[in-house]
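These notes concern the structure reproduced below.
The values are calculated or read from the model by the stated rules, or taken from the named source; none is laboratory data. Source: prediction; values computed, not measured. All Cβ positions, even for glycine, are placed from backbone atoms using ideal geometry, and neighbour counts span all protein chains on display.
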Amino acid sequence: MKKYKIGYTVGVFDLFHTGHLNLLERCKEQCEYLIVGICDDNYVRDIKHKEPIINQEDRVRLINALKCVDRAELVDYKITDDKMLALDKFGFDVLFSGDDWKGTERYNRTEEQFAKVGVSIEYLPYTQGISTSDLKNKIKNY
Ligand code: CTP
């Protein structure tokens, strides 16, 4: 029996790498059913000010194919920013995130909201030394 029944996490997951895999495997260790929100291409353009390398449909396919993921679905900016909307949509009992998000305005706000409705937040260790941005830089300098 795992600690949680339904877990949720969200991210862009562009140029899928082992930092992403570590996060998703650690999420699945703690929940029976893992739902992953995939930020849409407009989110990447508007918020990260980058053009995605792998388009949104392909990013959803790749994450859905993982053994540790039960369901991956596209999410827009509103659902990514306002985790109460994500909670309404997916009905999870824990939100997982890499600990690089701890202390940000978005997650401080979510912690307050979730405390009132009894939903947990678990921060998982960010994998040092790899990221989508690092990979893009390496390819650029290749
Ligand atoms: N993540 C992680 N370890 C990494 C990279 C990402 O744990 N080395 C986690 C993030 O904390 C987030 C999820 O994976 O919960 C999705 O992150 P995303 O922003 O899609 O990946 P990055 O590689 O960090 O992308 P970028 O370099 O564009 O910021």
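As for segment 35-46, it holds at least one residue that is touching a Leu at 6+ places or on another chain (Cβ under 6 Å) and acidic (Asp, Glu). Under the condition of being in a loop (DSSP other than H, G, I, E, B) and either of a type in the set (Gly, Ala, Ser) or surrounded by fewer than 16 Cβ atoms within 10 Å (Cβ to Cβ) (or both), the residues counted in segment 1-37 number 4.
Picking from residues in segment 38-56 that are assigned to a helix (DSSP H, G or I) and in contact with an Asp or Glu (Cβ under 9 Å, 6 or more places away or on another chain), the one that is modelled with the lowest pLDDT is ILE47. Is it true that VAL75 is of a type in the set (A, V, I, L, M, F, W, C) and exposed (fewer than 15 other Cβ atoms within 10 Å of the Cβ)? No.
Answer yes or no as to whether ASP100 is in contact with a Lys or Arg (Cβ under 7 Å, 6 or more places away or on another chain), within 15 Å of the ligand (Cβ to nearest atom) and free of Cβ contacts under 8 Å to residues at least 40 places away in the same chain. Lay out the reasoning, then the answer.
On the way: in contact with a Lys or Arg (Cβ under 7 Å, 6 or more places away or on another chain): no; within 15 Å of the ligand (Cβ to nearest atom): yes; free of Cβ contacts under 8 Å to residues at least 40 places away in the same chain: yes.
For ASP100, the condition - in contact with a Lys or Arg (Cβ under 7 Å, 6 or more places away or on another chain), within 15 Å of the ligand (Cβ to nearest atom) and free of Cβ contacts under 8 Å to residues at least 40 places away in the same chain - is not met.
Considering segment 101-142, and only residues there that are part of a loop (DSSP other than H, G, I, E, B) and of a type in the set (Phe, Trp, Tyr), the residue that is farthest from LYS83 (Cα to Cα) turns out to be TYR142.
Per the conditions (1) more than 13 Å from the ligand (Cβ to nearest atom); (2) within 14 Å of the chain's Cα centre (by Cα), the sole criterion not satisfied by ASP46 is (2). Looking only at residues of segment 103-142 that are within 18 Å of LYS48 (Cα to Cα) and either of a type in the set (A, V, I, L, M, F, W, C) or in contact with a Cys (Cβ under 9 Å, 6 or more places away or on another chain) (or both), we find that the one that is farthest from the ligand (Cβ to nearest atom) is LEU135. Of the residues in segment 86-97, at least one is in contact (Cβ under 8 Å) with a residue 12 or more places away in the chain, surrounded by 19 or more Cβ atoms within 10 Å (Cβ to Cβ), part of a strand (DSSP E or B) and more than 10 Å from the ligand (Cβ to nearest atom).
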